[in-house]
Amino acid sequence: MEKIIIAAKTVNNVIGKDNSLPWHLPADLDFFLRTIEGQFLIAGRKFFESVQGREVFHKGVEGIVISRQKDYKSSTHPVAHSIEEAFQMAEKIGVPKVYILGGGEIYQQIINLVDRLIITEIHENFAGDTFFPEIHQSQWQEVSRIDCQKDAVNPYNYSFVVYEPAS
Ligand SMILES: NC(=O)c1ccc[n+]([C@@H]2O[C@H](COP(=O)([O-])OP(=O)(O)OC[C@H]3O[C@@H](n4cnc5c(N)ncnc54)[C@H](OP(=O)(O)O)[C@@H]3O)[C@@H](O)[C@H]2O)c1
């Protein structure tokens with residue numbers, strides 16, 4: 001089963017603030033929604049409960065939420081109590097790949113277990129309270145990059161970058 005991280009981060013690795021995204025970048029939201037459409041999703045409990053998380057994990061979307069709380073329940077999605085258990089549950093269902101949507105706590109623990117990183121790099125520094133782990137060149141090689149310029153609706157320059165393990 002292929003394991004893929006998808007995330008958007010700033011130059012200073014910020015991914016979130018106050019359990020939300022500190023930027024508005026419609027082109028990235030479109031890219032994100034297109035990429036995960038019809039895919040099997042895994043997310044941490046805090047992102048799952050956030051405004052964006054609720055928009056993504058609506059009824060009918062397949063995926064798993066991860067929580068350490070033994071009695072945590074979702075009316076829409078199964079709950080795993082560890083990352084390993086989430087992967088085992090997805091394997092058992094038989095999905096060929098999973099997209100890991102974060103947030104920060106999940107990315108930190110999972111980055112060394114995945115096959116690919118799909119990263120929107122926003123060419124700005126933001127203040128935030130949640131961070132993406134450093135993408136070390138010794139561990140990850142860039143395999144594709146699309147650079148995009150700011151425009152009337154997207155106020156920052158940004159790049160869609162894919163990383164795979166360095167060979
Ligand atoms: N820019 C992006 O691409 C992006 C993507 C996603 C999220 N975000 C942002 O990231 C922030 C949320 O991230 P976060 O780090 O605060 O929270 P998170 O990673 O979404 O969720 C953390 C929670 O996941 C559960 N958890 C974590 N590790 C676990 C483990 N090993 N076993 C079992 N459960 C585990 C725990 O839930 P319990 O407390 O229930 O035990 C923990 O409190 C928000 O600001 C959000 O907007 C940004």
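Extent of the chain along its three principal axes (Cα atoms, max minus min coordinate, largest first): 43, 37, 27 Å.
Taken along the Cα-to-beta-carbon direction at a fixed 7 Å, the label points for Met89 and Leu33 span 2.6 nm. Ordered from largest to smallest accessible area (heavy atoms of protein chains, 1.4 Å probe), the residues Asp30, Asp18 come out as Asp18, Asp30. Mean residue ellipticity at 222 nm, helices only, the chain: -6500 deg cm²/dmol; runs of at least 4 DSSP H residues each add -39,500 (n - 2.57), and the sum is divided by the number of residues. With every protein chain in place and a 1.4 angstrom probe, the accessible-area ranking of Ile119, Ile135, largest first, reads Ile135, Ile119.
Expressed as a whole percent, the accessible area of the chain that falls on carbon and sulfur atoms is 49 (1.4 Å probe).
Between Glu55 and Ser167, what FRET efficiency follows from the Cβ-Cβ distance if R0 is 30 Å, with the result rounded to 0.05? Calculated transfer efficiency: 0.20. These residues, Ser167, Ser138, Ser67, go from largest to smallest accessible area, 1.4 Å probe, as Ser167, Ser138, Ser67. Does segment 81-142 come out rounded, prolate or oblate by the C-alpha gyration tensor, with a ≥ b ≥ c the root eigenvalues, rounded set by a/c under 1.5 and, if not, prolate when a/b is larger than b/c and oblate if not? Judged from the Cα gyration tensor, segment 81-142 comes out prolate (a/c at least 1.5, a/b above b/c). When the charge dipole of segment 1-125 is built from unit charges on Cβ atoms (+1 for Lys and Arg, -1 for Asp and Glu) and taken about the Cα centre, the candidate among Leu117, His81, Ala27 whose Cα reaches farthest toward its positive end is His81.
Among residues other than Asn19 with Cβ under 10 Å from its Cβ, the summed charge is -1 (Lys and Arg +1, Asp and Glu -1).
Of Lys17/Lys92; Lys92/Lys150; Lys46/Lys92, which ones are farther than 31 Å apart at the Cα?
Exceeds cut-off: Lys17/Lys92; Lys92/Lys150.
Among the chymotrypsin sites (Phe, Trp or Tyr not before Pro) in segment 58-104, those placed in a DSSP loop whose Cβ has at most 15 other Cβ atoms within 10 Å are Tyr72. Each Lys or Arg adds one and each Asp or Glu subtracts one; over the other residues with Cβ under 15 Å from the Cβ of Arg34, this totals -4.
Summing Lys and Arg as +1 and Asp and Glu as -1 over all other residues whose Cβ lies under 14 Å from the Cβ of Arg45 gives a net charge of +1.
Multiplying the sequence separation of Glu2 and Gln137 by 0.36 nm and subtracting their Cα-Cα distance, what value in nm do you get?
Extending this stretch completely gives an extra 46.5 nm.
The GluC sites (Glu not before Pro) of segment 93-150 that meet both conditions, a loop assignment by DSSP and at most 10 other Cβ atoms within 10 Å of the site Cβ, are Glu134.
The values are calculated or read from the model by the stated rules, or taken from the named source; none is laboratory data. Just so you know, these numbers come straight off a predicted model, no measurement behind them. In this analysis, Cβ positions are derived from the backbone assuming ideal geometry, glycine residues included, and neighbour counts consider all displayed protein chains. Areas reflect the complete protein model, heavy atoms only, side chains present, ligands, DNA and RNA absent. Shrake-Rupley method; radii C 1.70, N 1.55, O 1.52, S 1.80 Å.
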